[in-house]
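Here is the structure we will look at.
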């Protein structure tokens, strides 16, 4: 299975603008593209995704940029996040599963533009796609995604990052519907869907944002702490959710694009990191994560130049929710200066990281 939740692109040719090429073009796929609507826009903007990408470029020694496409009326944004006043005319402006199916399985100008101008393509549906109200609808989703996969198999020179849709707010769904949304997300990330298709990767956006599948009445729904409103059914994840998820999204894009790192992301993740809170922080912050089984864990704090600042934990931890405190000090007990730091959580089978901002 090629499921990833933690590494990319550079400037290329788009709408008549010639951008620089790089001598290490054969070493990685340099142009990453994200097709989305409002939930994806918030992930990029509220989550500071491009800023995190800049930090990862420093750590990795890469020079990679992100382009993205919103609703057609908003259109294409460049590597600085500036809207270009141009769109790819996505068929019917639809990124629901039925719309993605039309985009990828029929001949159309949007598909031609996406393929001719991008190396790594991430795409997702918004939260309405998690309104899987019947088994028949779930079965139809699977048929559409299998037919999309058939097309991706014909494009070995491109990399496709398939994202599971985000979960619905607890006031916008019910337990049976949410359970089916979980089953669909799990299937998209499974060996059954991804194994044997080397140019396909999965990013489990649903699992990052959903309440655990623990038998509770809130299972598989948007986590309470990630709700934009507790009194309305707005399913757009809030700023905390986007700040938590964006580093994982960028890491997933980079892993898909960098062969050296994507090669090791082929097993299900043993860990889901929920980020650190508060963020920004002063003087301390809690890093929260969930282990699906008892695991050996190495938790490091590093600066944006990749230098180790603090070892917070090295050893075994039990399965379940975990929280570890960083007090803003280095291994010698000295307080570090204000700035951006990264936590890096490594288990026996996976590594995830995220951004922390210390503001003294």
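Each value in this text was obtained by applying a stated rule to the coordinates, not by laboratory testing. Here the structure is a predicted model, which is why all the values come from computation and not from measurement. Cβ atoms come from the backbone with ideal geometry, glycine included; neighbour counts cover every protein chain shown.
Once the Cβ-Cβ distance of residue 72 and residue 290 is raised to the sixth power relative to R0 = 41 Å, the FRET efficiency obtained is 0.65. Each residue, residue 330 and residue 135, gets one label point 7 Å from its Cα in the Cβ direction; the gap between the two is 6.1 nm. Note on the chain: helix-only mean residue ellipticity at 222 nm, from DSSP H runs of 4+ residues weighted -39500 (n - 2.57) and normalised by residue number, equals -8500 deg cm²/dmol.
With mean projected area of the Cα convex hull in nm² defined as stated, name the option among (1) 16.6; (2) 17.7; (3) 18.9 computed from the structure displayed. This structure yields the entry labelled (2). Of all beta bridges that DSSP places with both ends in the chain, some 70 percent have antiparallel geometry. Gain on full extension, evaluated as 0.36 nm per residue between residue 174 and residue 338 minus their Cα-Cα distance, stands at 54.6 nm. The modelled label-to-label distance between residue 80 and residue 230, using points 7 Å beyond Cα along the C-beta direction, is 4.2 nm. Could you tell me the distance between the Cα centroids of segment 47-115 and segment 172-247, to the nearest Å? Computed from Cα coordinates, the inter-centre distance equals 21 Å. Given R0 = 41 Å, the distance between the Cβ atoms of residue 304 and residue 98 translates into a calculated FRET efficiency of 0.45.
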